[in-house]
Amino acid sequence: DAKTTQPTSMDCAEGRAANLPCNHSTISGNEYVYWYRQIHSQGPQYIIHGLKNNETNEMASLIITEDRKSSTLILPHATLRDTAVYYCIVRSRSNDYKLSFGAGTTVTVRA
Amino acid sequence: DTEVTQTPKHLVMGMTNKKSLKCEQHMGHRAMYWYKQKAKKPPELMFVYSYEKLSINESVPSRFSPECPNSSLLNLHLHALQPEDSALYLCASSHLGLAGATSSYNEQFFGPGTRLTVL
């Protein structure tokens, strides 16, 4: 599976949108971009995933560039409860089992 | 019920002890996973069970012995651990099989973890 690069940390103001970037320049055609987050002292939680089209669910939006080499996770109205480590993971459809977590981005939402 | 439960929440054991971690889910998932997470590091996959059979062992030392007695339960038996094995042990479960491109059908649900300390 392709590797990902994320900023180590970022701050966000409560109520504002949080835009989390992820680079995956070696992504291949059958690989999806997944996002999970891990709130302190909890297990990781699935957020969203996509292949090439932008995706939105009740938690977030995922914007994937046309060349698929990078993506952005958008939390539209960040709350204090969104403070967590966010992991961007690239995963192939043929590899249903493995989630290979990188270092992730520590997001701190401030009041 | 979309919950994965893990017991105990905390465990302290000596290097000569034998202990077990337990994980349970009632979502009908046929894949179950053990991950290990050291402090300030991302989770690392240890084992995968599919249809109650071990399908992936990520070169984990034999002092960790997984067991899947039925489709809802996953155990991790611990014996002769070392202090460096102290970590958060996470269990997860998911459906199996490929799904549509935008389906979250195969997402992994994680439990809260067992925090293990080896003295």
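The values are calculated or read from the model by the stated rules, or taken from the named source; none is laboratory data. Because the structure is a prediction, the values reported are computed rather than measured. Here Cβ is always computed from backbone atoms with ideal geometry, including for glycine, and neighbour counts include all displayed protein chains. Heads up: the accessible areas ignore ligands, DNA and RNA and are worked out on the full protein's heavy atoms, side chains in. Shrake-Rupley method; radii C 1.70, N 1.55, O 1.52, S 1.80 Å.
Please report the carbon-and-sulfur percent of the accessible area for chain B; probe 1.4 Å, protein heavy atoms only, DNA, RNA and ligands left out. Mind showing how you got there, number by number?
Details: 2940 of 5770 Å².
Exposed carbon and sulfur together represent 51 percent of the surface.
For region A:72-111, which residues drop by 20 square angstrom or more in accessible area between the chain on its own and all protein chains together (1.4 Å probe)?
Checking the loss per residue gives A:Y87, A:R91, A:R93, A:D96, A:Y97, A:K98, A:L99, A:F101.
Using the Kirkwood radius over Cα pairs, work out the Stokes-Einstein diffusion coefficient for chain B at 10 °C and 1.306 mPa s, in µm²/s as a whole number. All intermediate terms of the calculation are to be shown ahead of the outcome.
Numbers: Rh = 14.5 Å.
The diffusion coefficient I find is 109 µm²/s.
So how long is each side of region A:35-98 along the principal axes, counting just the alpha-carbon atoms, biggest first, in Å?
Largest to smallest, the principal-axis extents are 33, 27, 18 Å.
Can you give the direction-averaged projected area of the convex hull of the alpha-carbon atoms in region A:4-111, in nm²? Present the calculation step by step, with values, prior to reporting the outcome.
Values: hull surface 25.6 nm².
Computed as one quarter of the Cα hull surface, the answer is 6.4 nm².
Reachable lysines from B:K22, Cα under 25 Å, same-chain residues fewer than 8 places away excluded?
Once the sequence-local lysines are set aside, what remains near B:K22 is A:K98, B:K9, B:K36, B:K38, B:K40, B:K41, B:K53.
Output the relative contact order of chain B, whole-number percent, from Cα pairs under 8 angstrom with separation of 6+ residues. Could you put the intermediate results ahead of the total?
Working: 296 pairs, mean separation 42.4, N = 119.
So the answer I get is 36 percent.
Given Cα pairs under 8 Å that are at least 6 residues apart, what percent is the relative contact order of chain A? Don't skip to the end; give the middle numbers.
Values: 276 pairs, mean separation 41.4, N = 111.
Dividing the mean separation by the residue count of chain A yields 37 percent.
Of all accessible surface on region A:12-111 at a 1.4 Å probe, what whole percent is carbon and sulfur?
Details: 2270 of 4680 Å².
Taking all protein chains in place, region A:12-111 shows 48 percent carbon and sulfur surface.
Any idea of the accessible area per residue across chain B, 1.4 Å probe, to the nearest Å²? Don't jump to the answer; show the numbers that get you there.
Numbers: 5770 Å² over 119 residues.
With all protein chains present, chain B gives 48 Å² per residue.
For region A:5-111, which trypsin sites (Lys or Arg not before Pro) are in a loop by DSSP, counting at most 16 other Cβ atoms within 10 Å?
A:R16, A:K52, A:K69, A:R93, A:K98
Mean shadow of region B:2-59, computed from the convex hull of its alpha carbons, in nm²?
Numbers: hull surface 21.5 nm².
Taking the Cα atoms of region B:2-59, their convex hull projects to 5.4 nm² on average.
Assigning unit charges at the beta carbon (Lys, Arg +1; Asp, Glu -1) and nothing else, what dipole magnitude in debye, to the nearest 20, does chain A show about its Cα centre? Mind showing how you got there, number by number?
On the way: 11 positive and 10 negative charges, 31 e Å.
Dipole of chain A, to the nearest 20 debye: 160 debye.
With a 1.4 Å probe on protein heavy atoms only, work out how much accessible surface A and B bury together, total over both chains, in Å² to the nearest 100.
Numbers: alone 6470 and 6700 Å², together 11260 Å².
Its buried surface, counting both partners, is about 1900 Å².
Take the Cα radius of gyration of the protein assembly as shown and divide it by 2.2 N^0.38 Å, with N its residue count; two decimals is plenty.
Numbers: Rg = 17.8 Å, N = 230, 2.2 N^0.38 = 17.4 Å.
Relative to the 2.2 N^0.38 Å estimate, the protein assembly as shown comes out at 1.03.
Where in chain A lies the longest segment free of GluC sites (Glu not before Pro) that are both loop residues by DSSP (not H, G, I, E, B) and have at most 12 other Cβ atoms within 10 Å? Before the final figure, lay out the partial values.
Values: sites that count: A:E58, A:E66.
Result, exposed sites excluded: A:1-57.
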